[in-house]
Amino acid sequence: MAKNALSDIKNSLDAYVGQKITLRANGGRRKTVERTGVLEETYPSVFIVKLDEEQETFKRVSYSYADILTETVEVTLFEDPGEPNLLS
């Protein structure tokens, strides 16, 4: 059952490769990290986001689909410019 949920998350992200997204992730110790970038690639277990230029610490980050399933990472997709759509 969980494997189907993970593949459903991957399939829904596949449609947004190349588009802008916002990530809200648990940074530990009651910190929440918010990053914006472009969904660069999806792989069988992880997806990669190329971060915007002003976020200088890393150029790319990767998260697993299980992070979305367990709500450790929240992904907001931008379908239209200015109109975010929360992926859950």
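Every read-out reported here was derived from the displayed coordinates using simple, explicitly stated rules and does not represent laboratory data. The structure displayed is predicted, hence computed values, not measured ones. Note: ideal-geometry Cβ built from the backbone for every residue, glycine included; neighbour counts use all protein chains shown.
List of remarks:
- With 21 Å as the limit, the listed pairs 10/31; 10/50; 20/50 have 10/31 beyond it between alpha carbons.
- Burial ordering of 74, 54, 34, fewest other beta-carbon atoms within 10 Å first: 54, 34, 74
- Mean separation of Cα contacts under 8 Å, 6 or more apart, over the residue count of region 24-72: relative contact order %: 26
- Distance between the 7 Å Cα→Cβ label points at residue 38 and residue 69: 3.0 nm.
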